[in-house]
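A short worksheet on the structure shown next.
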Amino acid sequence: MGREQDVDKGGIVVVSKTVSPATKRSLEVLKRRSNYSLSFGSDVMSDPSVLDVDDVVAVVVPVPHERDKVAELAQMIREAAPTVLVCGSIDVPDQRLWLLAERSGFNLVSSDGAIGGALLRRLASSDSGRREAIAVMDSSDSAGRLGLLGTFDVDGKSVAIWRSGGRLGCLENACTHSGAALSEGEVEEGVVTCPRHGSRFDICSGERVRGPADTDVAHYDIFDKDGRIWVVPS
Ligand code: FES
């Protein structure tokens, strides 16, 4: 199935085998109230090329009910288009599915009929609505290195970047328990241990793996492209 219209600037792409009427109505309202174009493409899982368009600022997909597909879908979109907002609509009141989607890398999760309004507010919260990536280091400086790659200032926040467990991860460099620098902790198999009291966090999602911290750490999308390592401020 092709797109119903081309995205020429400031586009929002909806990718799905089936788009619910509530999602469609909600996004049509968004389109009428903003300058973003709207197009509908085929299922991104079977055809990632639907994301191969210029100036896409957001992608909307239904969050899969099969839980093991949620992270896979978020990752696939993120790899194909690192700077887009990944938005998921949920058609059932399932809080665990909602949390799983947020932890898996969806930037915005909303119920079906509310996705247009939620996305409009999110896009209005920055000047352009776009997620701009910031280059923090040359890929060659990180080649072959494991563990902490460095700490950087991104949009006024100190962040730490690691490569571990075959993944790149970027977290705010402050433990949510009492603020210790996570960059000074040990990292193993994609999990960093806080040097002060031993809380553990996934380096990609920021998910708390072990306390005493009660909450996750803020995570940043990160990717390696064109010879640079890029971080996308939230
Ligand atoms: S400051 Fe990190 S666990 Fe206490």
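If we keep just the residues of the range 96-111 that are among the small types (Gly, Ala, Ser) and at negative phi, which is farthest from the chain's Cα centre (by Cα)? The residue in question is 111. Pairing each residue of the range 154-174 that is under 14 Å from residue 200 (Cβ atoms) with any residue that is open to solvent by 30 Å² or more (accessible area, probe 1.4 Å), provided the two are 6+ apart or on different chains, yields C-beta distances under 6 Å for 162/148; 162/187; 164/187; 165/189; 169/204; 171/219. Filtering the range 129-179 to residues that are surrounded by fewer than 14 Cβ atoms within 10 Å (Cβ to Cβ) and within 16 Å of the ligand (Cβ to nearest atom) leaves 178, 179. Residues of the range 182-203 that are more than 9 Å from the ligand (Cβ to nearest atom) and small (Gly, Ala, Ser): 183, 190. Check whether at least one residue in the range 102-112 is in a loop (DSSP other than H, G, I, E, B), open to solvent by 70 Å² or more (accessible area, probe 1.4 Å) and acidic (Asp, Glu), and report yes or no. No; the residues of the range 102-112 include none that is in a loop (DSSP other than H, G, I, E, B), open to solvent by 70 Å² or more (accessible area, probe 1.4 Å) and acidic (Asp, Glu).
Candidates in the range 1-29 are the residues that are modelled with pLDDT of 70 or more and in contact with a Phe, Trp or Tyr (Cβ under 7 Å, 6 or more places away or on another chain); of these, the one that is most open to solvent (accessible area, probe 1.4 Å) is 19.
The values are calculated or read from the model by the stated rules, or taken from the named source; none is laboratory data. What you see is a predicted model; the values in this text were computed from it and never measured. Because the Cβ atoms are built from the backbone with ideal geometry, glycine has one as well, and the counts that use them run over all protein chains shown. These area figures cover heavy atoms from the full protein model, side chains too; ligands, DNA and RNA do not enter into them. Shrake-Rupley method; radii C 1.70, N 1.55, O 1.52, S 1.80 Å.
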